[in-house]
Amino acid sequence: MIVRTLLVTALAAAAAAAPADGVLARIDHLVYATPDLTTGIDRIEQILGVRASPGGQHPGMGTRNALVALGPSCYLEIIGPDPDQPAPEKPRSFGIDDLKAPRLVRWVAKGTDLEQMARDAAGHGVQLGDVISGSRRRPDGVVLTWRYTDPRTVVADGIVPYFIDWGTSPHPAATAAKGATLTGLRAEHPDAPRVQQMLRQLGLDLPVQRGSMPALIASLRTPKGTVELR
């Protein structure tokens, strides 16, 4: 009886841990948007105890970024306006033009065969938008290219991610500042059951709880201990 109880307890614990483990393996990066890049970098250093490394410019988008590695193939992107570029014709991504303070706004999932993925998602009523290409030049001159479902298509207030495929480009986590590790990601949303169902249709086990406002909450192991980033 004792052995059976211990076994049931162990299986329950494993089942509870599986969704978190599963979603962590799918995360490519987290997007921390800021109205001023230096302000965002300083804020992250205060919270994590890690100074982000320069990422590069997004030509024509009016933005640039800085990065903190959160694992071998996962990172935190701090993104803000690029003062060295003219203002873009369209609003900057992630609502940057209207932000009053830095915050965690999106998460990005790993993907391949993105066109088929977008078609499958649409078949389940989840519109991920067009598959487009992106690029940026690192400070060392290396140009990174990728394909992704359009991040301007915001689903469930950003709780449903967009998807990215780096192809043959080196993954940004490899050269990003080290010192932090992503240990968990969860979300809050006023209509949690609907959002949870959308995520499950995409094969994503991100935990979603009811909250008054949409929010992403990342748990991180850092030089300052375990912290939460919103």
The percentage of the accessible area of the chain (probe 1.4 Å, all protein chains present) made up of carbon and sulfur atoms, to the nearest whole number, is 55
Compute the angle between helix 114-123 and the longest alpha-carbon principal axis of the chain, please, reported from 0 to 90 degrees and rounded to the nearest 10.
60
Using label points projected 7 Å from each Cα along Cα→Cβ, tell me how many nm separate T145 and H124, to one decimal.
3.0
Quick one: go through the stretch 177-196 and flag any residue whose amide nitrogen is under 12 Å from the point 7 Å out along the Cα-to-Cβ line of R210.
189-194
Which distance in nm do the two modelled labels at T38 and S73 give, with both placed 7 Å along the Cα-to-Cβ direction?
3.7
Using alpha-carbon positions, what is the distance between the centroids of the stretch 184-222 and the stretch 44-69, in Å?
24
In degrees rounded to 10, the 0-90 angle between helix 2-26 Cα long axis and the longest Cα principal axis of the chain is 20
Cα centroid separation, the stretch 154-183 to the stretch 87-149 (Å):
10
Modelling each spin label as a point 7 Å along the Cα-to-Cβ direction, I'd like the D98/R194 distance in nm, to one decimal.
1.9
Nearest 10 degrees is fine. How inclined is helix 192-201 to the longest principal axis of the chain, computing both from alpha carbons?
80
Accessible area (Å², per residue) of the chain, counting only protein heavy atoms and a probe of 1.4 Å:
49
Subtracting the Cα-Cα distance from 0.36 nm times the residue separation, let me have the gained length for E115 to R152 in nm, one decimal.
11.7 nm
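The values are calculated or read from the model by the stated rules, or taken from the named source; none is laboratory data. No experiment lies behind these values; they were computed from the predicted model shown. Please note: Cβ atoms are built from the backbone with ideal geometry, for glycine as well, and neighbour counts cover all protein chains shown. The protein model used for the area step is the full one, side chains on, heavy atoms only, and it has no ligands, DNA or RNA in it. Shrake-Rupley method; radii C 1.70, N 1.55, O 1.52, S 1.80 Å.
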